1. Please list, ordered by residue number, the helices (runs of 4 or more DSSP H) wholly in region 126-202 having 3 or more residues that are closer than 25 Å to GLY33 by Cα.
2. Can you name the residue in region 92-117 that is loosely packed, with under 15 Cβ neighbours inside 10 Å and outside any helix (DSSP H, G or I) and is also modelled with the highest pLDDT among such residues?
3. Within region 38-66, which residues are in contact (Cβ under 8 Å) with a residue 12 or more places away in the chain, out of contact with any His (no Cβ under 8 Å at 6 or more places or on another chain) and not in a loop (DSSP other than H, G, I, E, B)?
4. Can you pull out the residues in region 44-69 that are open to solvent by 10 Å² or more (accessible area, probe 1.4 Å) and aliphatic (A, V, I, L, M)?
5. Among the numbered criteria (1) over 26 Å from SER97 (Cβ atoms); (2) at pLDDT below 95, which one does GLN169 miss?
6. If you scan region 121-134, which residues turn out to be more than 21 Å from ARG198 (Cβ to Cβ), surrounded by fewer than 24 Cβ atoms within 10 Å (Cβ to Cβ) and touching a residue at least 60 places away in the same chain (Cβ under 8 Å)?
7. Filtering region 72-86 down to residues that are outside any loop (DSSP other than H, G, I, E, B) and farther than 30 Å from GLY181 by Cβ, which residue is least open to solvent (accessible area, probe 1.4 Å)?
8. When you check GLY89 against the structure, is it touching a strand residue (DSSP E or B) at 6+ places or on another chain (Cβ under 8 Å), closer than 30 Å to ALA196 by Cα and either open to solvent by less than 40 Å² (accessible area, probe 1.4 Å) or of a type in the set (A, V, I, L, M) (or both), yes or no?
Amino acid sequence: MNTNLPHHGLPADVDATEAKEDAQTVLIPIVEGYGPHQKTLYLGNLTAAEDADALMAADITESLNVSINIFPLPLVLPDGTNIRRTQIGMIDGPGNSPWLLASAVMALEGMMHGYIAGKPHYPQHHCGNILLHCRGGRSRSVTVLALWLATFCPERFASFEAAITFLRQLRPLPQSYPLPGMMALADAVIAHQLLARRTQET
């Protein structure tokens, strides 16, 4: 497998500080022991999505990429597990549909809550933890994650704003992230009530 293939869609004019960070594996645990399979959710970047040793150490076997036109390469972990890739692509700016952002949140919940065992002819796989990422793990994935936390972890996060504040401190991120286009999109998701907030009983 050629691991030197170019990534279509990577910008050429990235801030130097961000470019340096993008070259390193970013892998941050967010929620542990979630759902019937007790999964841990990690926030990360594209480099993390292609770091077989880091993914295996964290027992990550599935990834959700919310970048458009940026595709992490197929990856087999040292133990033979094939990483399952899911993608719901968004641009990091205006132009996305709020329904697309809401679908990414629901896809994340589906991955965290369930597991598809597969079929005999599918590549080797086992139930493990989940990586949510975009290119840098600063804007698109953080927006999806904050909406997911506010919707499905209401006992810990009273609102989207509370989840964003938590993630900015944990990542860490300046107030300028997520970028304005993604924050406006999240506001539209909330205004249209596209995500039903889970009660503690469900």
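The values are calculated or read from the model by the stated rules, or taken from the named source; none is laboratory data. Just so it is clear, the model here is predicted, and its values are computed rather than measured. We place every Cβ from the backbone using ideal geometry, glycine too, and count neighbours over all the protein chains shown. Just so you know, the surface numbers come from the protein's heavy atoms only, side chains and all, with ligands and any DNA or RNA stripped out. Shrake-Rupley method; radii C 1.70, N 1.55, O 1.52, S 1.80 Å.
1. So the answer is 140-152, 160-170.
2. SER97
3. Correct list: LYS39, THR40, LEU41, TYR42, THR47, ALA52, ASP53, ALA54, LEU55, MET56, ILE60, GLU62.
4. LEU46, ALA52, ALA54, MET56, ALA57, ALA58, ILE68 - these are the residues of region 44-69 that are open to solvent by 10 Å² or more (accessible area, probe 1.4 Å) and aliphatic (A, V, I, L, M).
5. (2)
6. HIS125, HIS126, CYS127, GLY128
7. Taking the candidates together, the pick is ASN82.
8. yes
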